[in-house]
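Peer 1: Mind looking over this structure? Questions follow.
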Amino acid sequence: MNKYILLFIKGLAMGAVNKIPGVSGGTVAFITGIYEDLINSIKKINFNSFKILFNKGFRDFYEEVNGKFLIVVFSGVIASFFSVSLLLDRLIQEYELYVYGLFFGMIVGSFYVIYYQLERLNYKTFIGILIGLSIGLLISFVEDFQVTDSNLIIFISGIIAISGMILPGLSGSYLLLLMGSYTLIMVDSVNALYFTLTDIFSLNFDFIYDTGRIYLLKVILFFTLGSVVGLIFLSNILSTLLKKYRSITISIIVGFIAGSLIGVWPWKIEAIDGKISWFFPNLLIIETWLTLFYIFIGILFVVLLERFANKH
């Protein structure tokens, strides 16, 4: 198989799992053997590479940042974003409880995976866990917590969400789910962009009068800008943190996931005023056991995926 076709397929896989809370695109990059090339290529998009662009031209810049590699990988990521988004939209509409049960299981599984990345447990990592736990609990229980109030916050959420592409084990989609904007950003706005592109290719421009569509396009624009900025800067920041302060960084992530699990509990009721109440399910109905089954499948999937990554 042509190596670029294979690279495109790997990008498809990364994009697909990046939309699934609890699963990291970085983990798939590890499994498929492109993680190091991905990080190194992204890190090369810096001040020096732009100097090359302006002084020597696009061709030298393209070679400096390993442009062909990045274009092929991210073409796969973008293509899968649209296809997976349409599927998730349908599944959430018809099987919301089961979908979020699967998501919850994947997040529990990711907690297990990241916890065992801790090299040692001492007072520093314990403090890190407490810090992460406090942040997670604060976000989970604060009322009216939203990330969709302004363009700036959507931009910042793009920076946060792209972390799953850079840091194996950390799911950017999970963070969006916790913040209450997963469906808006990862499903509704992506679908709006897809339908808009379809309309444009069909020479149908009626969407410009659709205020709802325009709002969603604005959301995806600011989210994408944040993701691009995050992709460039986080690749350098996270690389430095993991090299110099790996244990503390991982411990904060572990605490954060533990503290925020309640925020993605499948059994909850949202009142008209937006306030969410959690409840324990009725064990006498088949729907509960089906949801528990999907939770188990979610845990198993993430744990087995990580073990496969470690072997290879």
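The values are calculated or read from the model by the stated rules, or taken from the named source; none is laboratory data. What you see is a predicted model, and the numbers here were worked out from it, not measured in a lab. Here Cβ is always computed from backbone atoms with ideal geometry, including for glycine, and neighbour counts include all displayed protein chains.
Peer 1: Given the conditions (1) surrounded by 15 or more Cβ atoms within 10 Å (Cβ to Cβ); (2) hydrophobic (A, V, I, L, M, F, W, C); (3) within 20 Å of Ala16 (Cβ to Cβ); (4) modelled with pLDDT of 70 or more, and given that Met165 satisfies all but one, which numbered condition is not satisfied?
Peer 2: Every condition holds for Met165 apart from (4).
Peer 1: Let me ask something additional. Looking only at segment 279-302, decide whether some residue is of a type in the set (A, V, I, L, M, F, W, C), at pLDDT below 75 and out of contact with any Pro (no Cβ under 9 Å at 6 or more places or on another chain).
Peer 2: As a first pass, look at segment 279-302 and keep what is of a type in the set (A, V, I, L, M, F, W, C): 279-280, 283-286, 289-290, 292-293, 295-297, 299-302.
Those still in the list that are at pLDDT below 75 too: none.
No, every residue in segment 279-302 fails to be of a type in the set (A, V, I, L, M, F, W, C), at pLDDT below 75 and out of contact with any Pro (no Cβ under 9 Å at 6 or more places or on another chain).
Peer 1: Answer yes or no: is there a residue in segment 106-122 that is touching a Ser or Thr at 6+ places or on another chain (Cβ under 7 Å), not in a helix (DSSP H, G or I) and not basic (Lys, Arg).
Peer 2: Yes, the conditions are met somewhere in segment 106-122.
Peer 1: Here is a further query. Is there any pair with a first residue in segment 199-225 that is closer than 29 Å to Ile160 by Cβ and a second that is of a type in the set (Lys, Arg) and surrounded by 13 or more Cβ atoms within 10 Å (Cβ to Cβ) whose Cβ atoms are under 9 Å apart and which are 6 or more apart or on different chains, and what are they?
Peer 2: Phe207/Arg213
Peer 1: Kindly list, by first and then second residue, each pair from a residue in segment 172-183 that is within 19 Å of Val28 (Cβ to Cβ) to a residue that is buried (at least 22 other Cβ atoms within 10 Å of the Cβ) and of a type in the set (D, E, K, R), limited to pairs with Cβ atoms under 8 Å and residues at least 6 apart or on different chains.
Peer 2: Pairs that qualify, where the first residue is within 19 Å of Val28 (Cβ to Cβ) and the partner is buried (at least 22 other Cβ atoms within 10 Å of the Cβ) and of a type in the set (D, E, K, R), are Ser173/Lys19.
Peer 1: Among the numbered criteria (1) touching a residue at least 24 places away in the same chain (Cβ under 8 Å); (2) in a loop (DSSP other than H, G, I, E, B); (3) of a type in the set (S, T, N, Q), which one does Asn236 miss?
Peer 2: For Asn236, the exception is condition (2).
Peer 1: May I ask you to say which residue of Asp89, Asp144 is in a helix (DSSP H, G or I), over 30 Å from Arg307 (Cβ atoms) and at pLDDT below 75?
Peer 2: Details: Asp144 fails: in a helix (DSSP H, G or I).
Going through Asp89, Asp144 in turn, just one is in a helix (DSSP H, G or I), over 30 Å from Arg307 (Cβ atoms) and at pLDDT below 75: Asp89.
Peer 1: For segment 250-261, indicate whether the set of residues that are surrounded by fewer than 16 Cβ atoms within 10 Å (Cβ to Cβ), at pLDDT below 80 and either assigned to a helix (DSSP H, G or I) or touching a Leu at 6+ places or on another chain (Cβ under 6 Å) (or both) is non-empty.
Peer 2: From segment 250-261, those surrounded by fewer than 16 Cβ atoms within 10 Å (Cβ to Cβ) are none; that's our starting set.
No, segment 250-261 contains no residue that is surrounded by fewer than 16 Cβ atoms within 10 Å (Cβ to Cβ), at pLDDT below 80 and either assigned to a helix (DSSP H, G or I) or touching a Leu at 6+ places or on another chain (Cβ under 6 Å) (or both).
Peer 1: Here's another thing I want to ask about it. Would you confirm, using the coordinates I've provided, whether Glu36 is of a type outside the set (Lys, Arg), surrounded by fewer than 20 Cβ atoms within 10 Å (Cβ to Cβ) and at pLDDT 85 or above? First the steps, then the outcome.
Peer 2: Working: of a type outside the set (Lys, Arg): yes; surrounded by fewer than 20 Cβ atoms within 10 Å (Cβ to Cβ): yes; at pLDDT 85 or above: no.
Against the criterion (of a type outside the set (Lys, Arg), surrounded by fewer than 20 Cβ atoms within 10 Å (Cβ to Cβ) and at pLDDT 85 or above), Glu36 does not qualify.
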